[in-house]
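Peer 1: Before we start, here is the structure in question, set down as structure tokens.
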Amino acid sequence: MNTKPTLVVIGNGMVGQHFLANLVLSPMKDEYHIVTFCEEPRPAYDRVHLSEFFSGKTAEDLSLVEPGFFEQHGITLHLGDKAVSIDRASKTVMSARGIEIAYDKLVLATGSYPFVPPVPGHDRPQCLVYRTIEDLVAMQAAAQSGKVGVVVGGGLLGLEAAKALTDLGLKTHVVEFAPRLMAVQLDEAGGALLRRKIEDLGVTVHTNKNTSLITDGENCVNKMCFADGTELETDLVLFSAGIRPRDELARLCGLDMGARGGISINNQCQTSDADIYAIGECALWNGMIYGLVAPGYAMARTVIAHLAGKYASFMGADMSTKLKLMGVDVASIGDAHAKSQGALVYSYQNDDSGIYKRLVVSQDKQFLLGAVLVGDASSYGTLLQYCLNGIELPENPETLILPASADAPVALGADALPGSAQICSCFDISKEAICQAVSAGCTTVDQLKAETKAATGCGGCASLVKSVLNAELTQQGYTVNTDLCEHFAYTRQDLFSLVKVGGIKTFADLLAQHGKGKGCEICKPAVASILASCWNDYILKPEHAHLQDTNDAFLANIQKDGTYSVVPRVAGGEITPDKLIALGQVAKKYQLYTKITGGQRVDLFGARLEQLPPIWAELIAAGFETGHAYGKSLRTVKSCVGSVWCRYGVDDSAALAIELENRYKGLRSPHKLKFGVSGCTRECAEAQSKDIGVIATENGWNLYVCGNGGMRPRHADLFATALDKATLIQYIDRLLGFYVRTADRLQRTSVWLEALEGGLGYLKAVVIDDKLGICGQLEEHIQQVVDSYQCEWQTTLQDEDKLKRFRHFVNSDRSDDNVVFVEERGQLRPADANERKHYQIVETV
Amino acid sequence: MTTWQTVCEVTDLQADAGVCALVDGVQVAIFYLPAEAAVFALGNYDPLADANVLARGIIGDIGGELVVASPLYKQHFSLSTGACLEADGVAVPVYPVRIAGAGVQVCV
């Protein structure tokens, strides 16, 4: 018999789930029997990042619910069951499936629905909305057969949806009723720049368009007719013209409503019935519906506090936003339209680099009231803090948005912020809370994220969190040691500069000038890699050979028993039958265990040290060259067959893959590099999980960067679109050059980008806009490496002295008797310890 | 009674690195630091990896102590004592070794 009072939550969207997740952390969880209804077939997922569904995330990836959450906390979840009525007299909720639950307290978190303008034809086939995962699946289905897609609505969500349509490979249009994009957040100049940038990405924008009819198309499924007499043919129509609160339940049970909808709530988020709360997009507070997730979260926390009898109020929320729309940084803070009395405006516009910034400042020039940023939102964090915390502006506020010059004020340091400053608005984490977490032992951003959840929502505050962390660590007397090892009091980046600028050619010289001791297995390979990156010398020269890790030292990959594996280069995964046969013959002759790799080549295992030279002599005679599988360098460029064979192929991905692989082979880098090239958006080469990914589109090559598979998978970021081959290669040259210069030792591009101050926007500014003025040097550097390529095995085979190293014994031709193979599935493999014992007995008998 | 055996020439050694010699059936890793004209000899068998690979490790110093890092799992073994710096109680044998004229001599 359950004697606890019952708390019913209707709706398991982002806000409903945030409420539950915070409730179970509070003592209140033991006070109530908790029941929740979820209309959708799956519990809460991340609608903010919905478009990532099309760049590869699954419904599971987007889920906001830890597995076992409901069971673990004893919450009864009615999944796929919609609450259909509330009886306030008997205090019961009835569901579509006929479940009736008596409540003591009720929380409405029913969210909103997309507004579809009542245009004739709005319910025609392939006229869809963008709200749920089911909507996405319907879009995907519609995109299969279609070529053109139109988004109705040029607001924040509409542009997100347009990104989704381009990801689906559709020719995309955005139709907006207002004279500009993102009319709520941006002023005219900001909207115009955003439009230009989005049109550069191949999306056609139509403003001042009023749709009057949707009807049969001639070339497409649908035709849209506009009030001004123009027409647009399209297969898919996606309505994203704003949201409306889902308030029908509340309306039916007689709660107070706003004149234009929304469930009226007070500062405690109570409706006109004190036992019923409403939170999120269904709630109307002070005449406002908040269509962002952060205010909804704040409401959820207010209700929990109120249930616990604490004094808590929801007092409105800041609607500032920063986001990346189709790769374009856009941010809006506070009073972006300068509606405050006497407000002064400063603006900076640079059409060449595509940047627009506007500050709205109080009449006395003391405080920041609002801001608009397009093209470069790197100062968002600083400006938001000025605005939210009423921090006094510098004497010349315009310096905050002018391009950096020597006398420009630096970003607002963490020290300038009061303890109460809200750093993460998604989870309402203050500077104080972060400092406390640091005092409690957090020393990295990852630890902070796990401990406080800061920067795990939209991620917009990540760099600010990092600077608060660093400032606090310094304050608490930590010194963050970034020395490479005990022999060099420098970072890898420092050493790279010392080598490059000082023209240093050997480890011995670097150690003598800038280090101490004899070196170790950390600094030696790191410096060897830097020297190779800079000068591209043959790595087994006497002055370099002893620096190399065993894989580089013997140009093969060591295995657990001390034997090596051999991987010849098969550029782009393309191989002639003759070469494939040659590989097979070598493998057979030397009895090498043979396996196909994930990078579309062939790995031959079990070669003894002394077998490596003869194996390579035969491989080179058959036309192979080294595959650098042993090096921190370019491994493979994976590709699909592309337009040459594939009926869906848009461009010749295999040819491009081969060209890229041949260009960058041999480039020594901080860690290994993997590329992928796909011939269409079906992405068979999995390019978006690679350091460099290229995907063919009708308009040219799309470049993705800094993806990763492996231990810590990361989807690559779209870096540039519709590139011709020359520009693509130029960008890759610059990117790799910059990575080689600035990454840490053994830092993959994915981690490098995440650690890069300013992130993707900064990387684009460096590579595309040449913000640092170094692109010429970067290109020259890469070209020099390309020009000085040599097959290391070919060089090695020509040098008797080098070949001496490839013996197990310096004084005998015998082999290592600890290496023992047994047969399995028709091939050899290393014997395990037991098998080896048996073998030794057999041999001695 | 120690018997010095000449196993190879100095020119067979690798500068600032190791080679492996077979001495009376024992695998001996010989490390050569030409700057100090110093040689060191350890067992080639890495007990933590169960493989004969120590001669292929990188040599260096940790807090002034000369060490070789195993190429498989990177544990450090002291060139002078054979002790593993990361695993208490684990050590590899140390053998007397010297340069005699053009030859390299080891006792096992």
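Peer 1: Could you please find all residues in region A:307-333 being over 30 Å from A:Ala720 (Cα atoms), of a type outside the set (D, E, K, R) and surrounded by fewer than 21 Cβ atoms within 10 Å (Cβ to Cβ)? Before the answer, list the steps.
Peer 2: Going through region A:307-333, the residues over 30 Å from A:Ala720 (Cα atoms) turn out to be A:307-318.
Subsequent filtering for residues that are of a type outside the set (D, E, K, R) retains A:307-309, A:311-317.
Matches in region A:307-333: A:Leu307, A:Ala308, A:Gly309, A:Tyr311, A:Ala312, A:Ser313, A:Met315, A:Gly316, A:Ala317.
Peer 1: Could you run through region B:6-19 and say how many residues are touching a strand residue (DSSP E or B) at 6+ places or on another chain (Cβ under 7 Å), under 16 Å from B:Gln105 (Cβ atoms) and facing chain A (nearest Cβ under 10 Å)?
Peer 2: In the first step, residues of region B:6-19 are kept if they are touching a strand residue (DSSP E or B) at 6+ places or on another chain (Cβ under 7 Å); the result is B:6-10, B:12-19.
From what's left, under 16 Å from B:Gln105 (Cβ atoms): B:6-10, B:12-13, B:19.
Remaining after also requiring facing chain A (nearest Cβ under 10 Å): B:6-9, B:12-13, B:19.
Matching residues across region B:6-19 total 7.
Peer 1: Give the residue, chosen from A:Ala696, A:Ala629, A:Ala622, A:Ala655, that is modelled with pLDDT of 95 or more and in contact with a strand residue (DSSP E or B) (Cβ under 6 Å, 6 or more places away or on another chain).
Peer 2: Details: A:Ala696 fails: in contact with a strand residue (DSSP E or B) (Cβ under 6 Å, 6 or more places away or on another chain); A:Ala622 fails: in contact with a strand residue (DSSP E or B) (Cβ under 6 Å, 6 or more places away or on another chain); A:Ala655 fails: in contact with a strand residue (DSSP E or B) (Cβ under 6 Å, 6 or more places away or on another chain).
Answer to the selection: A:Ala629.
Peer 1: Would you mind telling me which numbered condition in (1) touching a Phe, Trp or Tyr at 6+ places or on another chain (Cβ under 8 Å); (2) within 11 Å of chain B (Cβ to nearest Cβ); (3) under 19 Å from B:Cys20 (Cα atoms); (4) buried (at least 19 other Cβ atoms within 10 Å of the Cβ) A:Gln559 fails?
Peer 2: Here A:Gln559 meets the rest and fails (4).
Residue by residue, here is whether (1) in contact (Cβ under 8 Å) with a residue 40 or more places away in the chain; (2) surrounded by fewer than 17 Cβ atoms within 10 Å (Cβ to Cβ) holds:
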{"site": "A:Asp247", "(1), (2)": "yes, no"}
{"site": "A:Cys253", "(1), (2)": "yes, no"}
{"site": "A:Ile263", "(1), (2)": "yes, no"}
{"site": "A:Gln268", "(1), (2)": "yes, no"}
{"site": "A:Gly287", "(1), (2)": "no, yes"}
{"site": "A:Tyr290", "(1), (2)": "no, no"}
{"site": "A:Ala298", "(1), (2)": "yes, no"}
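Peer 1: Quick check on B:Gln75: is it more than 7 Å from every other protein chain (Cβ to nearest Cβ) and either surrounded by fewer than 17 Cβ atoms within 10 Å (Cβ to Cβ) or over 24 Å from A:Cys485 (Cβ atoms) (or both)? Steps first, answer last, please.
Peer 2: Numbers: more than 7 Å from every other protein chain (Cβ to nearest Cβ): yes; either surrounded by fewer than 17 Cβ atoms within 10 Å (Cβ to Cβ) or over 24 Å from A:Cys485 (Cβ atoms) (or both): no.
Here the answer is no, as B:Gln75 does not meet what is asked.
Peer 1: Taking only pairs six or more apart or across chains, which ones have beta-carbon atoms under 7 Å, a first residue in region A:803-819 that is more than 7 Å from every other protein chain (Cβ to nearest Cβ), and a second residue that is of a type in the set (Gly, Ala, Ser)?
Peer 2: What qualifies is A:Val819/A:Gly562.
Peer 1: Another question, if that's okay. Which residue out of A:Cys520, A:Cys485 is surrounded by fewer than 20 Cβ atoms within 10 Å (Cβ to Cβ) and either within 14 Å of chain B (Cβ to nearest Cβ) or not acidic (Asp, Glu) (or both)? Full working, then the answer.
Peer 2: Working: A:Cys520 fails: surrounded by fewer than 20 Cβ atoms within 10 Å (Cβ to Cβ).
Selected residue: A:Cys485, the only one of A:Cys520, A:Cys485 that is surrounded by fewer than 20 Cβ atoms within 10 Å (Cβ to Cβ) and either within 14 Å of chain B (Cβ to nearest Cβ) or not acidic (Asp, Glu) (or both).
Peer 1: Give just the number: which of (1) more than 18 Å from A:Glu521 (Cβ to Cβ); (2) within 11 Å of chain A (Cβ to nearest Cβ) does B:Ala41 not satisfy?
Peer 2: Answer for B:Ala41: the failing condition is (2).
Peer 1: Can you list residue pairs whose Cβ atoms sit under 7 Å apart, with the first residue in region A:551-577 being over 19 Å from A:Tyr789 (Cβ atoms) and the second being part of a helix (DSSP H, G or I) and not aliphatic (A, V, I, L, M)? Count only pairs 6 or more apart in sequence or on different chains.
Peer 2: A:Ala553/B:Arg56; A:Asn557/A:Asn551; A:Ile558/A:Thr550; A:Ile558/A:Asn551
Conditions tested, residue by residue: (1) polar (S, T, N, Q); (2) within 16 Å of A:Leu718 (Cβ to Cβ); (3) touching a residue at least 40 places away in the same chain (Cβ under 8 Å); (4) surrounded by 24 or more Cβ atoms within 10 Å (Cβ to Cβ).
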position: A:Lys674; (1), (2), (3), (4): no, no, yes, yes
position: A:Val677; (1), (2), (3), (4): no, yes, yes, yes
position: A:Cys684; (1), (2), (3), (4): no, no, yes, no
position: A:Ile692; (1), (2), (3), (4): no, yes, yes, yes
position: A:Ile695; (1), (2), (3), (4): no, yes, no, yes
position: A:Asn699; (1), (2), (3), (4): yes, yes, yes, no
position: A:Gly707; (1), (2), (3), (4): no, yes, yes, yes
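Peer 1: Continuing with the same structure: Can you name every one of the strands (runs of 3 or more DSSP E) wholly within region A:1-88 that holds 3 or more residues which are buried (at least 21 other Cβ atoms within 10 Å of the Cβ)? If you could, list the steps in order and put the result at the bottom.
Peer 2: Details: elements: A:6-10, A:33-38, A:76-79, A:83-87.
Hits in region A:1-88: A:6-10, A:33-38.
Peer 1: List the strands (runs of 3 or more DSSP E) that sit entirely inside region A:329-376 and contain at least 3 residues that are under 31 Å from the mean Cα position of the chain (by Cα), charged (D, E, K, R) and closer than 22 Å to A:Gly758 by Cα. Steps first, please.
Peer 2: Working: elements: A:344-350, A:355-361, A:368-374.
Ranges flagged: none.
Peer 1: A:Gln600 passes all but one of (1) in a loop (DSSP other than H, G, I, E, B); (2) crowded, with 18+ Cβ neighbours inside 10 Å; (3) touching a residue at least 40 places away in the same chain (Cβ under 8 Å); (4) not β-branched (Val, Ile, Thr); which number fails?
Peer 2: Here A:Gln600 clears every test but (3).
Peer 1: Looking at (1) within 20 Å of A:Leu609 (Cα to Cα); (2) modelled with pLDDT of 95 or more; (3) of a type in the set (Lys, Arg), can you tell me which one A:Lys524 breaks?
Peer 2: Here A:Lys524 clears every test but (1).
Peer 1: Here are some conditions: (1) facing chain A (nearest Cβ under 10 Å); (2) buried (at least 24 other Cβ atoms within 10 Å of the Cβ). B:Asp61 meets all but one. Which one does it not meet?
Peer 2: (2)
Peer 1: Among the residues of region A:821-830, write down those that are under 19 Å from B:Asn52 (Cβ atoms) and either within 11 Å of chain B (Cβ to nearest Cβ) or in contact (Cβ under 8 Å) with a residue 24 or more places away in the chain (or both). Break it down into steps so the answer makes sense when it comes.
Peer 2: To start, the set of residues in region A:821-830 that are under 19 Å from B:Asn52 (Cβ atoms) comprises A:821-822, A:828-830.
Result: A:Phe821, A:Leu828, A:Arg829, A:Pro830.
Peer 1: Considering region A:188-202 alone, what residues qualify as being buried (at least 22 other Cβ atoms within 10 Å of the Cβ) and hydrophobic (A, V, I, L, M, F, W, C)?
Peer 2: Result: A:Leu193, A:Leu194, A:Ile198.
Peer 1: While we're looking at this one, here's another question. Which residue, of A:Leu108, A:Leu64, is of a type in the set (A, V, I, L, M) and more than 25 Å from the chain's Cα centre (by Cα)?
Peer 2: A:Leu108
Peer 1: Among the residues of region A:117-130, are any more than 21 Å from A:Glu683 (Cβ to Cβ), under 24 Å from the mean Cα position of the chain (by Cα) and either of a type outside the set (Gly, Ala, Ser) or assigned to a loop (DSSP other than H, G, I, E, B) (or both)? Spell out the reasoning first.
Peer 2: Here is the first cut: in region A:117-130, the residues more than 21 Å from A:Glu683 (Cβ to Cβ) are A:117-130.
Still in the running and under 24 Å from the mean Cα position of the chain (by Cα): A:130.
Add one more test, that the residue is either of a type outside the set (Gly, Ala, Ser) or assigned to a loop (DSSP other than H, G, I, E, B) (or both), and what stays is A:130.
Checked against the condition, which is being more than 21 Å from A:Glu683 (Cβ to Cβ), under 24 Å from the mean Cα position of the chain (by Cα) and either of a type outside the set (Gly, Ala, Ser) or assigned to a loop (DSSP other than H, G, I, E, B) (or both), region A:117-130 yields at least one hit.
Peer 1: Modelled with pLDDT under 90, hydrophobic (A, V, I, L, M, F, W, C) and in contact with a Phe, Trp or Tyr (Cβ under 8 Å, 6 or more places away or on another chain): which single residue out of A:Leu756, A:Leu797, A:Leu763 fits that description? Write out each step before concluding.
Peer 2: Numbers: A:Leu797 fails: modelled with pLDDT under 90; A:Leu763 fails: modelled with pLDDT under 90.
That would be A:Leu756, the only listed residue that is modelled with pLDDT under 90, hydrophobic (A, V, I, L, M, F, W, C) and in contact with a Phe, Trp or Tyr (Cβ under 8 Å, 6 or more places away or on another chain).
Peer 1: I'd like to know if region A:510-518 contains one or more residues that are in contact with a Lys or Arg (Cβ under 9 Å, 6 or more places away or on another chain), under 24 Å from A:His671 (Cβ atoms) and without any contact (Cβ under 8 Å) to a residue 60 or more places away in the chain.
Peer 2: Yes, that holds for at least one residue.
Peer 1: Still on this structure, please answer the following. Can you confirm whether B:Gly64 is within 22 Å of A:Ile522 (Cα to Cα) and modelled with pLDDT under 95?
Peer 2: Details: within 22 Å of A:Ile522 (Cα to Cα): yes; modelled with pLDDT under 95: yes.
For B:Gly64, the condition - within 22 Å of A:Ile522 (Cα to Cα) and modelled with pLDDT under 95 - is met.
Peer 1: Of the conditions (1) farther than 20 Å from A:Cys38 by Cβ; (2) in a strand (DSSP E or B), A:His306 clears all except one; give me its number.
Peer 2: Just one mismatch for A:His306, condition (2).
Peer 1: Can you say whether B:Gly101 is over 15 Å from the mean Cα position of the chain (by Cα), at positive phi and within 10 Å of chain A (Cβ to nearest Cβ), as far as the supplied structure shows? Walk me through it before giving the result.
Peer 2: Working: over 15 Å from the mean Cα position of the chain (by Cα): yes; at positive phi: yes; within 10 Å of chain A (Cβ to nearest Cβ): no.
The answer is no for B:Gly101.
Peer 1: Is it true that A:Gln798 is touching a residue at least 40 places away in the same chain (Cβ under 8 Å) and either of a type in the set (A, V, I, L, M) or more than 14 Å from every other protein chain (Cβ to nearest Cβ) (or both)?
Peer 2: On the way: touching a residue at least 40 places away in the same chain (Cβ under 8 Å): no; either of a type in the set (A, V, I, L, M) or more than 14 Å from every other protein chain (Cβ to nearest Cβ) (or both): yes.
In short, no.
Peer 1: In region A:530-549, which residue that is outside any helix (DSSP H, G or I) and closer than 16 Å to B:Ile58 by Cβ is farthest from the other protein chains (Cβ to nearest Cβ)? Walk me through how you get there before you give the answer.
Peer 2: First, the residues of region A:530-549 that are outside any helix (DSSP H, G or I): A:536-541, A:546-549.
Checking which are closer than 16 Å to B:Ile58 by Cβ leaves us with A:539-540, A:546-549.
Numbers: A:Ile539: 13, A:Leu540: 11, A:His546: 4, A:Leu547: 7, A:Gln548: 8, A:Asp549: 7 Å.
Checked region A:530-549; the qualifying residue farthest from the other protein chains (Cβ to nearest Cβ) is A:Ile539.
The values are calculated or read from the model by the stated rules, or taken from the named source; none is laboratory data. Just so it is clear, the structure is predicted and the values come from calculations on it, not from any experiment. As a convention, Cβ positions derive from the backbone with ideal geometry for all residues, glycine included, and neighbour counts pool all protein chains shown.
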